[in-house]
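The values are calculated or read from the model by the stated rules, or taken from the named source; none is laboratory data. Here the structure is a predicted model, which is why all the values come from computation and not from measurement. As a convention, Cβ positions derive from the backbone with ideal geometry for all residues, glycine included, and neighbour counts pool all protein chains shown.
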């Protein structure tokens, strides 16, 4: 195995990530530079939304605190009484029914937002206007317009926003990104990714309502394309060709989408998202000198010349979600720029918006 890859460390990866993202940032550079630290005191976090995703993140915050990371959950919020009680049991923090009840509280430094999609931008906007930092679950918003309004507020406030695309922090994707930047497969022209939620009927709730979400398949698109954009820095998405529809008869948003998104540097990204069970499909990055298949615990490098090579990713004790939360806490405390800044979320939002619009407008190709 290449010694450079063996010696890869988290610090070198984060440095490379920040450098690669700098050229693609849509905000001014100062807007995403951490400028907040509270000495050695824990970062006081409000957990906003305690559904399945919120509880996973709450468990992650508890695990980090137990490991010595300076973070403390000071309040939790959810409209559902049972979810609130479950969150209180995990965190030991007091609970409120409405996140608006503590947007301006003095005992909260930052929010972790895991609300339904239509509340992502409003909750984050309220937080940054109060000078609070935000860990924002994907998608950033329901549209580029909402996302841009948030970006303007962040630029004024200097808040640190981490977009919760956990795959970007997974050791395998970090390894793949580092290899791409090292030129191991040359210039990448084509990527392919398949994702499934694993259960049918998954969009019967708010994700099946147009006014609340772009839909389950769009959510999967978003999570698929974030690590690709983070690794490749391809510039802005310029067009999309999309087909799809509904597999289950719940709601009115698509639960299956097949999209090809094109970027300004000539990159094409094929995304397949569905609520049907799908196994054995791994993200693939194809370049002029070979390809990289991103697996659970490492990558398979297939050069144009020579044999395939399995390269294991560095092992660690934290999950991808916990790693991204930890990265955000460190970014807030001024150690580095966030791994998934809002500019990356805006780039993904643009790509997914093009894909969904192409589907809704029945266009074979929709130009930006």
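Quickly run through the range 144-175 and pick out the residues that are within 11 Å of the chain's Cα centre (by Cα) and either free of Cβ contacts under 8 Å to residues at least 60 places away in the same chain or part of a helix (DSSP H, G or I) (or both).
166, 167, 168, 169
If residue 334 passes every condition in (1) closer than 28 Å to residue 257 by Cβ; (2) touching a residue at least 24 places away in the same chain (Cβ under 8 Å) but one, which one does it miss?
Failed condition: (1).
Kindly evaluate residue 358 against the criterion of being closer than 27 Å to residue 64 by Cβ and touching a strand residue (DSSP E or B) at 6+ places or on another chain (Cβ under 7 Å).
no
With over 29 Å from residue 214 (Cα atoms) and either in contact with a strand residue (DSSP E or B) (Cβ under 7 Å, 6 or more places away or on another chain) or crowded, with 24+ Cβ neighbours inside 10 Å (or both) as the only criterion, which of 310, 328 stands out?
The conditions single out 310.
Inspect all residues belonging to the range 207-215 and state whether any of them is surrounded by fewer than 23 Cβ atoms within 10 Å (Cβ to Cβ), assigned by TED's automatic domain parsing to the domain that holds residue 301, more than 20 Å from the chain's Cα centre (by Cα) and in a helix (DSSP H, G or I).
Looking for residues that are surrounded by fewer than 23 Cβ atoms within 10 Å (Cβ to Cβ), assigned by TED's automatic domain parsing to the domain that holds residue 301, more than 20 Å from the chain's Cα centre (by Cα) and in a helix (DSSP H, G or I), one finds at least one in the range 207-215, hence yes.
Within the bounds of the range 118-131, is there any residue that is more than 17 Å from residue 55 (Cα to Cα) and not in a helix (DSSP H, G or I)?
Taking every residue of the range 118-131 in turn, at least one turns out to be more than 17 Å from residue 55 (Cα to Cα) and not in a helix (DSSP H, G or I).
Does the range 250-257 contain any residue that is out of contact with any helix residue (DSSP H, G or I) (no Cβ under 6 Å at 6 or more places or on another chain), in contact (Cβ under 8 Å) with a residue 24 or more places away in the chain and surrounded by 18 or more Cβ atoms within 10 Å (Cβ to Cβ)?
No, that holds for no residue.
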